[in-house]
1. Can Thr186 be described as among the polar types (S, T, N, Q) and either farther than 30 Å from Val229 by Cα or at pLDDT below 95 (or both)?
2. So is Ser163 closer than 23 Å to Ser294 by Cβ, out of contact with any His (no Cβ under 8 Å at 6 or more places or on another chain), in contact (Cβ under 8 Å) with a residue 60 or more places away in the chain and polar (S, T, N, Q) or not?
3. Under 17 Å from Ala190 (Cα atoms) and crowded, with 21+ Cβ neighbours inside 10 Å: is that true of Ile115 in this structure?
4. From Leu68, Leu39, Leu6, which residue is in contact with a Gly (Cβ under 7 Å, 6 or more places away or on another chain) and crowded, with 17+ Cβ neighbours inside 10 Å?
5. Filter region 366-384 down to the residues that are in a helix (DSSP H, G or I) and closer than 21 Å to Asp302 by Cα and list them by number.
6. Considering only residues that are surrounded by 18 or more Cβ atoms within 10 Å (Cβ to Cβ) and touching a residue at least 60 places away in the same chain (Cβ under 8 Å), look in region 92-112 and name the one that is nearest to Leu39 (Cα to Cα).
7. Looking for something within 30 Å of Asp302 (Cβ to Cβ), hydroxyl-bearing (Ser, Thr, Tyr) and either in a loop (DSSP other than H, G, I, E, B) or touching a residue at least 40 places away in the same chain (Cβ under 8 Å) (or both) - is there at least one such residue anywhere in region 342-352?
8. Could you please find all residues in region 75-105 being outside any helix (DSSP H, G or I) and β-branched (Val, Ile, Thr)?
Amino acid sequence: MKFTFLDGATGTNLMKSGLPQGVCVEKWVSENPDVLISLQKEYVDAGSDIIYASTFGANPISLSKYSLEDETETLNAKLVSISKIASNGKAKVAGDISSTGCLLAPLGDATYDDIKNAYMRQARALDKAGVDLFVLETFSSLAECLAAFDGVRAVSDKKIIASVTVEPSGKTLCGDSPESCLIALTARGAYAFGVNCSSGVESMAKIVKKLYPISSVPIISKPNAGLPVLVNGENVFPDSSAVFAEKYEELAKAGASFIGGCCGTTPSHIKELYEKFSSREPLSVASSGMYAASNKEVFLIDKIDDIPERTPCDEDLIFSIPEKDEASFFRLYIEKEEELENFIESMSSIETPLILGASSVSLFEKAVALYAGRCIYDRECDFEDSQVENLRKKYGFIVL
């Protein structure tokens, strides 16, 4: 096994090359392709195995802020073609997908279907354009990232890797733990998972140390070139390529194996990483344990000795959820579709492994798709084994 080398920053380098403030980055790149081609050729020459197409915000919801949603297909196709020219077959091109900027209920007004459909549209265009894989990056909401994953998987069977951005609190902006994001997304089928942006190497290494022991997939790390400092009115990322590579030893020791950089990094940073790590082997994948997850915590699951009574998903659900020290599991049963609203409003309060059941297969699928975590199937639902297995492959819930 070898390290996989990703690319470095796109945005901060484009700004140095004339990207104006306040414009749609994707549209500007499509009209100034030589700038990106030059940058990405340098990344490939530096050793990048994978470069990210400049499609970060090319979903229809984000593009609508510039009245460009009707150009979703053409922009994604154009941007992939630009990266393919740069890669010249020497590196894989990933279709880059990031946040819409919308918050899913109950934090905002967006629905799972709204978000999934937007990502389906972008992913379909990226797939048609011939990307080699997909990357979901810089997500600050597990719920949105799962909807994005489902949107991509609905239109393509190509590999998906995913990374979230983590605040100084150690959680995403929406309160999700990186460990929960890891378990939920790899259960869905993510090929690799990790963290990007967020911080410099030192802080990211602390996160990766927590992810590595419970991960069954390679860990991604794409830190910034240090924490930005204000110099003459501009944000400057302080870590030189040599300093960055030297510090990166911490991330390698922590378990990262898909390695690259984010804000402030350049082809020189990637070249230094390549020279330092290309002849070395990363730590092998560590975990084979089975984990359930809420959006805040993960739980090692072996067996369920004492199955609790079912709790109805009624209007009093929020008052029925046990405290963490009151129960080993929480068992929820959804009888009617209108009860999904109660589930959405209350699921972030669940602090124990969730055993989930529903009155029909279709209702169970809707609930498990919405859950920002990894639940356990309630066998008393007594659905056909083939139906359960098909859904398990799609959503990754646990069947005991």
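The values are calculated or read from the model by the stated rules, or taken from the named source; none is laboratory data. These numbers come from a predicted model, not from an experiment. So basically every Cβ, Gly included, is an ideal-geometry build from the backbone, and we count neighbours across all protein chains shown.
1. So Thr186 passes the test.
2. Spelling it out, it is not the case that Ser163 is closer than 23 Å to Ser294 by Cβ, out of contact with any His (no Cβ under 8 Å at 6 or more places or on another chain), in contact (Cβ under 8 Å) with a residue 60 or more places away in the chain and polar (S, T, N, Q).
3. no
4. Among Leu68, Leu39, Leu6, only Leu6 is in contact with a Gly (Cβ under 7 Å, 6 or more places away or on another chain) and crowded, with 17+ Cβ neighbours inside 10 Å.
5. Scanning region 366-384 gives Val368, Arg379, Glu380, Cys381.
6. Ala94
7. Yes, some residue in region 342-352 is within 30 Å of Asp302 (Cβ to Cβ), hydroxyl-bearing (Ser, Thr, Tyr) and either in a loop (DSSP other than H, G, I, E, B) or touching a residue at least 40 places away in the same chain (Cβ under 8 Å) (or both).
8. Val93, Ile97, Thr100, listed by residue number.
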